[in-house]
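Right, one structure below, let's go through it.
The values are calculated or read from the model by the stated rules, or taken from the named source; none is laboratory data. All of these numbers come straight from a predicted model, not from anything done at the bench. Heads up, the Cβs are rebuilt from the backbone with ideal geometry, glycines too, and the neighbour counts pull from every protein chain shown.
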Amino acid sequence: MGFKVSASTWVRKHDSILFYSKGEKKTFNRLFRPYSVDYAKRARKDPDGREWVDQSLGHMSGEAKRQLLEQGRAFITSSGGIRKKQYLDEMQGEALGDIWDDILPINSQALENLRYETQKPEALLDRIIKASSNPGDLVADFFCGSGTTLAVAEKLGRHWIGCDLSKWAIQVTRKRLLQIEGCKPFEILNLGNYERHKLAANGHWERYVQFILQLYRAEAVTGFATLHGKKARAYVHVGSVDSPVTMREIRQTLKEAQAAGVREVHFLGWDFEMGLHDLVSQVGEDYGVKARLVSIPREALEVTNPAKEEVRFFDLNYLELEHEVNGRKATVRLKDFIIANPEYLPDEVREKIKKFTDYIDYWAVDWDYKDDTFHNGWQSFRTRKNPRLETKATHTYEQPGRYKVLVKVVDIFGNDTTKMVEVEIK
């Protein structure tokens, strides 16, 4: 949105929206907008104040014209013709055409503005969705960005599906949806498992390992069962494409590293067994080997030339919780959060960090985790309107028992960190 200036061609004063249909049978709802000031100026008033504009009666019969005159809904012109009075309060407005010049770019101070580079005004998506769908229909945006399409679809009573390659886009969209009053429950799914299999398609494990090592700027090594590469003085273990790195896997690798005199091992994984971060340092000390957990970024799936393209690998963050039980009420508090790679922070962001919660953009709690899908039972997140982050969450259980409480934190890079505690309700 907005004009684009170029010295080599005409000033571009419009964007084009492409309108496609799968077949002849399609949804199209005619939309109207309020009449322009110039159009309204044409209106005349009856003695009671009602405004109207005159319209042609076309091929209307003489009897019909007579009835309109009797009802006061037509008048005789100075030349003896008959014109219809079309009252403005009975009209839907001006029918929209294919030039939309009434939707302005998002104001920099507007609460709607999420400072997302490609964000579009909600008014634009409101018009598109109303025209091409009905309440209850399904709306899809496969490059959802800041989530404008999904937010508007939710407000208009449509079902929706959104996709994006950027984990930060998903985080921005999640927070945006949660701010909609009465927003229906939704689920965030990660298709990474399916995409990862392409890296090791047809059993090409060695090719997959080499690909990851190149991205990590490590060299492949041979002669080991669990050590796959070397980066400077550290050796590298690459985790499977379809399962998390486990404690058993780490112990096997550290045992082999110890026997070979290796002093440091980096464990690269897409996922890690729950609670691994809290134990890995001690396990490493048991073997006399420094163990470092490194997350393989989802962006690795988009790389076509690992020797030339770069992606950032993040160490696992550290999350410390406090919890207490009082009767059937459980409370979880954020005690500490250490971001593993502060060197990636821009200087202007680093200067604003005063406490550990400044690294956190969002956190949520599943009060009864069943080792499957994370069910959001409580959340706190920052917005432009309210940047304050709650650090304590409380829940009252209806039934006694032992419950797994899973806490998920999303940092300012968009990376997830999870930690589980168990509570016993009596």
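Overview of values
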quantity	calculated
Test: L165 is in contact with a helix residue (DSSP H, G or I) (Cβ under 6 Å, 6 or more places away or on another chain) and modelled with pLDDT of 70 or more	no
Flag for Y362 being surrounded by 16 or more Cβ atoms within 10 Å (Cβ to Cβ), part of a strand (DSSP E or B), among the hydroxyl-bearing types (S, T, Y) and not assigned by TED's automatic domain parsing to the domain that holds W168	yes
Cβ pairs under 7 Å, 6+ apart, first in region 111-140 and assigned by TED's automatic domain parsing to the domain that holds R382, second modelled with pLDDT of 95 or more and surrounded by 19 or more Cβ atoms within 10 Å (Cβ to Cβ)	none
Qualifying positions in region 108-144 - under 27 Å from E24 (Cα atoms) and of a type in the set (V, I, T)	I128, I129, V139
Region 71-110 - residue that is among the charged types (D, E, K, R) and not in a strand (DSSP E or B) and, of those, modelled with the highest pLDDT	D98
Pair list, Cβ < 7 Å and 6+ apart or interchain, from region 234-257 residues that are within 21 Å of P297 (Cα to Cα) and in contact (Cβ under 8 Å) with a residue 24 or more places away in the chain to residues that are of a type in the set (D, E, K, R) and in a helix (DSSP H, G or I)	V241/R196; D242/R196
Region 12-66: number of residues that are surrounded by 10 or more Cβ atoms within 10 Å (Cβ to Cβ) and either part of a helix (DSSP H, G or I) or on the phi > 0 side of the Ramachandran plot (or both)	5
Among the candidates S108, S132, residue that is closer than 29 Å to K13 by Cβ, surrounded by fewer than 15 Cβ atoms within 10 Å (Cβ to Cβ) and of a type outside the set (D, E)	S108
